[in-house]
Amino acid sequence: MAKNIQSLERAAAMLRLLAGGERRLGLSDIASSLGLAKGTAHGILRTLQAEGFVEQDAASGRYQLGAELLRLGNSYLDVHELRARALVWTDDLARSSGESVHLGVLHQHGVLVIHHVFRPDDSRQVLEVGAMQPLHSTALGKVLSAYDPVAHSEAVEVERKAFTSRTVTALDDFEELLDLTRARGWAADVEETWEGVASVAAPIHDRRRMPVGAVAITGAVERICDRGELRPELVTAVRACARAVSRDLGAGRF
């Protein structure tokens, strides 16, 4: 029989210990609870912290579970299930809005498009399933960054590239946009990523009210906006679609 890897067993025990209480734990508490030398416990904690599984409070020096575990905890929700739950609702959204609809999830420091409904007309269009979009400038990305702590960390810890003159790159300004997104429940991209293109997106939540994706309407700015402002009926339609998919995932009423 193959032997278990001791360091992994200790790391797992450490995560279970941190998950078992409602307060942060200090290094001495963790080491004594697990029967480890302080140096050994500190080394494991440092590694877990570097991977995002553990966070250390700057003021007290105590440890708690990190945001990366949120991402792993949501992994039970396969993207195919999310897509399957969203099929009918995104088709309805494209038909009622007359614009293309995208469904996106966080993936490798960006937004992965997992479903794309074409604009319901005879124009030539390219399927964008599998395409990656930036977190900081797109409506999908801003929604994920506002509601998902892992997406937020990835968006604020990297250099935010200016794709157009409208792209928000300064950290303080970006954080203000995320605050606004959380306050109103949706995000916009009006020529921040592509010239002449606008988008509006809303978050999708699972049964634990955790963010698992976002849905967006995207189209020419002159159709999405009216006198420089997003058309309110499109905002309402996107939010209704997101709530419907969330309900189908067990999130209940939002």
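The values are calculated or read from the model by the stated rules, or taken from the named source; none is laboratory data. This structure is a prediction, so every number in the text was calculated from the model and none was measured. Cβ coordinates were reconstructed from backbone atoms using ideal geometry, including for glycine residues, and neighbour counts include every protein chain displayed. Keep in mind that these areas ignore ligands, DNA and RNA; they rest on the heavy atoms of the full protein, side chains included. Shrake-Rupley method; radii C 1.70, N 1.55, O 1.52, S 1.80 Å.
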By the Cα gyration tensor axes a ≥ b ≥ c (a/c under 1.5 gives rounded; else a/b larger than b/c gives prolate, otherwise oblate), the shape of region 121-224 is oblate
Could you give the accessible area per residue of the chain, probe 1.4 Å, as a whole number in Å²?
-> 53
What fraction of the Cα pairs in region 116-161, stated in percent, has a spacing above 14 angstrom?
-> 58
Mean Cα-pair separation over length for the chain, i.e. relative contact order, pairs under 8 Å, 6 or more apart, % | 14
Between beta-carbons, use under 13 Å as the cut-off and find the net charge around L177, counting Lys and Arg +1, Asp and Glu -1.
-> -2
In nanometres, what is the gap between the two model label sites at D248 and E222, each 7 Å from Cα along Cα-to-Cβ?
-> 3.4
Calc'd 3J(HN,Hα), region 59-68, phi into Karplus 6.51 cos²θ - 1.76 cosθ + 1.60 (θ = phi - 60°), Hz, glycine/Pro = x, comes to 6, 9, x, 7, 10, 8, 5, x, 5, 4
Amide H neighbours of G213 under 5 Å, counting only residues 5+ apart in sequence or on other chains, H built in-plane at 1.01 Å?
-> I204
Tell me, what is the FRET efficiency for A131 and Q64 to the nearest 0.05, using R0 = 35 angstrom and their Cβ-Cβ distance as r?
-> 0.45
Per GNM of the chain with C-alpha springs under 10 angstrom, the most fluctuating residue out of S123, S96, S28 is S123
Residue by residue, what Karplus-based ³J(HN,Hα) values in Hz, rounded to whole numbers, does region 171-177 have, using 6.51, -1.76 and 1.60 with θ = phi - 60° and x for Gly and Pro?
-> 4, 4, 5, 5, 5, 5, 4
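Trypsin sites (Lys or Arg not before Pro) within region 184-254: which are DSSP loop residues with at most 14 other Cβ atoms inside 10 Å? Don't skip to the answer; put the middle values down first.
Numbers: sites: R184, R207, R208, R209, R223, R227, R239, R243, R247, R253; in loops: R207, R208, R209, R227, R253.
Of the trypsin sites (Lys or Arg not before Pro), the ones in loops of region 184-254 whose Cβ has at most 14 other Cβ atoms within 10 Å are R207, R208, R209, R227, R253.
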Cβ-Cβ FRET estimate between L34 and M210, R0 fixed at 35 Å, reported to 0.05 | 0.75
Calculating Rg and Dmax of the Cα atoms in Å from this structure picks out, from [x] 23.4, 68; [y] 21.0, 71; [z] 18.7, 60, entry [y]
With a 10 Å radius around each residue's Cβ, average the other Cβ atoms per peptide and rank 213-221, 159-167, highest first.
-> 213-221, 159-167
³J(HN,Hα) across region 119-132 via Karplus (A = 6.51, B = -1.76, C = 1.60, θ = phi - 60°), whole Hz, x for Gly/Pro?
-> 4, x, 9, 9, 6, 6, 9, 10, 5, 10, 4, x, 6, 10
